[in-house]
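Worksheet: the structure to be examined is printed underneath.
The values are calculated or read from the model by the stated rules, or taken from the named source; none is laboratory data. Only a predicted model underlies this, so the values are computations on that prediction, with no experimental measurement involved. FYI the Cβ positions are ideal-geometry reconstructions off the backbone, even for glycines, and counts take in every protein chain you see.
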Amino acid sequence: MARSRTDTYRRFLYAALGFAALLGAALGVEALMALAVGGFALLFVSWGQARRGRAGLRVAREVYPSAFEDDAVPVSLVLDNRSRRTSWLVEIRDSFGPAVADRQALLEPGPLRGARRQRLVYRTACSRPWGIYAVGPLTLVASDPFGLFHAERSVPDVTPFAVFPRVWSVAGIEKLGARPSLSPREVTSTRPGQSLAYLGVRDFRSGDDLRRIHWPATARRGAPVVKEHEVDLVPYFTLLVDLDRSHRAGTGLKSTIEYLVRTSACLVWTAASRGDLVQVLGEGARTLEVPPGAGTLHATQALYELIQVQQEGRLSLLDLVEQHRMHIPAGSTAALLSGSMFLDLERLEEILGALQARGVRPVVVLVNKDSFLPIDRRAVPRQEAEAQARAATTLLRSRAIPGAILSAEHDLEAQLGRNDLFEER
Amino acid sequence: MTSVTAPPGDAALRILAARSVALYALSFHAAASALVAWRPSDVRRLGLCAMGLAMALILGESFGGIVDAGLEGTSRLRLRVTTAAAYGGLVVLALSAAIGTREARLLGQEALLFTVLQAAFLLLADLGRTHLGPIANALVLVVLASLRGGVVAAAAVTGGLALLGFFLALDHSARVLQAYPVGRADLLGATLRRAAASLAPVVVGLTVFFVLSPALPLPRIRFAVSVPRTMDDEVAAAYRRLVVLALAGSGLVFGVVRLLRRDRDRRPPLEETLPLERGAEEALPEPEPRARREYHGPRGRIVRAYVGVLARARETGFRSRPSQTPRDIAAHLPGPAGPLDTLTDLFVGARYGPDEPSEEQALAAERAGQAIAVGLGKKKRV
């Protein structure tokens with residue numbers, strides 16, 4: 001917008017016309033005074049036109065408040081001309097936080113007639129990494145026909161915009177529970193329910209749906225008999241995220257928080273996509289608690305909570321699991337995502353055993369924080385880290401628990417997409 | 001995406017060409033006015049002037065960027081400051097000498113000098129972000145012509161201001177269109193119409209002024225004996241020739257600049273200029289008329305008394321917020337407490353209560369209103 005305007009002419013006219021007025025008055029030359037008066041009249045008219053041009057204009061923004069990294073986002077602007085005059089060359093400046101550029105400058109060349117509304121759309125991209133950004137304020141600039149004066153109106157329309165981490169399908173998780181089918185509700189239990197799987201027949205009771213009457217059996221018995229079906233078991237996925245501040249390491253894209261949030265997002269999205277009921281639990285600077293729910297909207301809510309977490313918690317992952325053990329239903333999958341490999345393996349084994357005993361399928365993902373740049377504490381020596389990784393792998397293998405270790409040298413997208421992510425260890 | 005400037009569309013090119021024409025017309029008008037005022041004006045000289053200025057502008061608009069491209073920001077600023085200082089000094093010196101000596105011959109030489117300078121500025125027209133050089137020099141030429149008085153001065157001032165306005169309007173449109181990927185916006189006609197509408201009162205006003213009060217020349221000018229004084233009919237003939245030459249030169253400038261002009265602007269990196277997709281234009285919904293409740297009888301008299309007190313209080317500078325209740329307002333209103341409480345109670349009952357107030361209550365409210373109005377004192381002068 002700065003390129004489109006200049007104050008040079010206006011300042012020059014102030015000086016030159018003032019000089020002409022003085023010269024004209026001093027020499028008694030009327031033409032020079034007329035030049036000065038005419039010039040100042042022109043400046044005055046321009047000033048008034050710029051003000052009037054801005055007075056009737058209103059602008060508002062309409063944008064869906066979230067998107068994934070690198071998504072193209074259409075932003076709608078509603079420009080109202082509430083005056084009776086036609087508007088021309090209206091410049092609009094927006095500030096879309098997730099974009100690389102600080103400002104987005106737009107031009108509505110006109111004509112925008114009086115008492116009319118114009119809908120405008122610009123497209124930009126979420127080029128910045130996941131997080132909550134501000135969108136706005138909007139600025140409207142109207143000018144006089146000569147571009148001498150620019151009247152600006154700032155619209156304090158600042159709204160938050162959530163950028164979610166890009167999600168990749170975690171190929172390994174599809175095998176957990178062996179239900180990579182199109183129908184997410186095919187697992188049933190041999191209890192009376194509403195599934196399509198046939199269980200048997202029983203005597204008619206008051207309140208039963210007449211459409212369920214099994215007419216051949218009714219004819220045979222001489223009394224009404226209804227069909228019974230099995231109950232659906234809803235697949236259930238619980239993610240327990242380690243947000244212990246002692247596991248902070250690395251900076252920017254290569255940091256434990258980055259790996260934890262991205263891996264969590266991918267696990268949640270994959271589970272939600274296949275139809276699971278998903279819940280997320282963690283204890284960071286504030287409690288992360290996404291109650292169980294299904295569908296894209298719920299997954300989006302989970303992502304929204306995940307991008308706000310901070311690795312500032314004081315509760316270890318194992319304590320977190322202990323605390324929420326009762327919230328993990330039997331027959332479900334529980335993913336334990338740790339920011340460090342250095343967990344108390346004995347206690348981990350005990351907890352995993354307890355989960356398995358209740359019919360929960362545990363999955364363990366460990367982020368090797370010592371592979372990242374150390375921040376506030378020294379990294380563990382390489383040999384020690386390798387020994388711990390072997391010990392953890394042995395433990396998981398001995399209990400037939402799927403697990404994976406993610407390190408800084410791994411390309412996260414490629415690693416999470418591997419089919420054998422949970423198999424080789 | 002940080003975009004670079006898209007090539008200007010045909011609309012921007014037309015406006016750029018029109019801007020060049022306006023600049024040419026302003027330059028030629030100013031130069032011709034000064035020359036006609038102070039030098040013998042014949043067709044050959046004016047034709048030479050018109051050709052020279054047109055060629056200078058065409059060369060400047062087409063190839064001036066070559067000079068610009070070779071200069072860094074600091075060098076450009078240094079050049080601009082040095083040139084401005086030198087030029088300012090020259091203007092002051094020239095005007096001081098002309099006014100001091102009051103020699104017509106010297107004024108004629110200065111008119112010629114600044115005409116040559118105008119051509120030089122046009123050659124460098126594409127240097128920098130603005131066209132301040134040719135504009136400033138054109139104004140100096142107009143000032144020189146103004147000193148002559150009569151029709152020449154009137155035409156120089158009126159025409160100069162009008163052409164300056166057209167140039168500024170076209171420059172503004174071109175600048176804005178070049179800064180954005182606009183697409184198919186054709187604003188040439190609209191720009192000219194808007195500029196004409198804004199300039200009309202000023203130009204008409206100046207014309208009327210010069211008709212009613214013909215401009216007097218600089219007093220006590222000494223003309224050389226050999227140079228006869230120019231008569232008004234000669235000036236009129238000169239202006240007819242001038243218009244023909246200006247039209248021919250403008251046509252040449254428009255055609256050549258449209259053919260050769262290329263855009264070279266680049267945007268600052270942290271601002272992206274994005275194309276806008278325009279949806280269908282729709283009429284704004286009519287604002288709903290504010291429903292005013294009608295009050296009749298004693299209820300109406302009480303409400304009117306209260307509203308009258310509030311209006312009177314506003315005149316004295318009292319401001320109430322929409323969130324304030326009548327009792328809040330009464331607590332802050334600088335009036336006599338007794339009548340204020342009475343009126344507030346009566347108003348609340350009349351405005352929100354179910355029962356119709358009595359005639360006595362209406363009278364009491366009106367009396368309280370008058371007492372409060374007296375207590376509020378005189379109107380605050382703004």
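Points worth noting:
- Only one of A:Leu240, A:Leu210 that is in contact with a His (Cβ under 8 Å, 6 or more places away or on another chain) and either modelled with pLDDT of 90 or more or surrounded by fewer than 22 Cβ atoms within 10 Å (Cβ to Cβ) (or both): A:Leu240
- One residue alone among A:Leu43, A:Leu32 is assigned to a helix (DSSP H, G or I) and more than 7 Å from chain B (Cβ to nearest Cβ), and that residue is A:Leu43.
Okay, residues lined up against (1) buried (at least 18 other Cβ atoms within 10 Å of the Cβ); (2) more than 30 Å from B:Leu161 (Cα to Cα):
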{"site": "A:Asn81", "(1), (2)": "yes, yes"}
{"site": "A:Ala101", "(1), (2)": "yes, yes"}
{"site": "A:Leu112", "(1), (2)": "yes, no"}
{"site": "A:Gly131", "(1), (2)": "no, yes"}
{"site": "A:Leu140", "(1), (2)": "yes, no"}
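Residue-by-condition table, conditions (1) crowded, with 17+ Cβ neighbours inside 10 Å; (2) within 7 Å of another protein chain (Cβ to nearest Cβ); (3) under 25 Å from B:Arg129 (Cα atoms); (4) of a type outside the set (Gly, Ala, Ser):
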position: B:Val176; (1), (2), (3), (4): yes, yes, yes, yes
position: B:Tyr180; (1), (2), (3), (4): yes, yes, yes, yes
position: B:Leu187; (1), (2), (3), (4): yes, yes, yes, yes
position: B:Ala190; (1), (2), (3), (4): yes, yes, yes, no
position: B:Ala195; (1), (2), (3), (4): yes, yes, yes, no
position: B:Ala200; (1), (2), (3), (4): no, no, no, no
position: B:Val208; (1), (2), (3), (4): no, no, no, yes
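- Filter pass, A:Arg51 being within 42 Å of the chain's Cα centre (by Cα), buried (at least 18 other Cβ atoms within 10 Å of the Cβ) and more than 7 Å from chain B (Cβ to nearest Cβ): no
- Criterion: surrounded by 20 or more Cβ atoms within 10 Å (Cβ to Cβ) and within 28 Å of B:Leu218 (Cα to Cα) - qualifying residue of B:Ala97, B:Ala153: B:Ala153
- Just one residue in the set A:Thr287, A:Thr300, A:Thr333, A:Thr296 is hydroxyl-bearing (Ser, Thr, Tyr), farther than 21 Å from A:Leu406 by Cα and in contact with a strand residue (DSSP E or B) (Cβ under 8 Å, 6 or more places away or on another chain); that residue is A:Thr300.
- Test: A:Tyr133 is facing chain B (nearest Cβ under 8 Å), among the hydroxyl-bearing types (Ser, Thr, Tyr) and free of Cβ contacts under 8 Å to residues at least 60 places away in the same chain: no
- Any hit, segment A:250-264, residues being in a strand (DSSP E or B) and either modelled with pLDDT of 95 or more or under 20 Å from A:Ser316 (Cβ atoms) (or both): yes
- Residue count for segment A:81-93 under the criterion of being more than 9 Å from chain B (Cβ to nearest Cβ) and in contact with an Asp or Glu (Cβ under 9 Å, 6 or more places away or on another chain): the result is 2.
- Scanning segment A:6-22 for residues that are more than 7 Å from chain B (Cβ to nearest Cβ) and at pLDDT below 90 gives a single hit, A:Asp7.
- Some residue of segment A:335-352 being assigned by TED's automatic domain parsing to the domain that holds A:Ala408 and free of Cβ contacts under 8 Å to residues at least 12 places away in the same chain: yes
- Qualifying residue in segment A:382-399 (condition: in a loop (DSSP other than H, G, I, E, B), of a type outside the set (Asp, Glu), surrounded by fewer than 18 Cβ atoms within 10 Å (Cβ to Cβ) and modelled with pLDDT of 90 or more): yes
- Options A:Ser169, A:Ser143, A:Ser154: the member that is away from chain B (no Cβ under 14 Å) and over 25 Å from the mean Cα position of the chain (by Cα): A:Ser154
- Subset of segment A:27-39 (residues that are over 19 Å from B:Ala30 (Cα atoms) and in contact with a helix residue (DSSP H, G or I) (Cβ under 9 Å, 6 or more places away or on another chain)): A:Leu27
- Taking the numbered list (1) under 23 Å from the mean Cα position of the chain (by Cα); (2) surrounded by fewer than 22 Cβ atoms within 10 Å (Cβ to Cβ); (3) of a type in the set (Val, Ile, Thr) in turn, B:Val91 passes all entries but (1).
- Failed criterion for A:Val280 (all others in (1) more than 19 Å from A:Gly417 (Cα to Cα); (2) more than 16 Å from the chain's Cα centre (by Cα); (3) buried (at least 24 other Cβ atoms within 10 Å of the Cβ) hold): (2)
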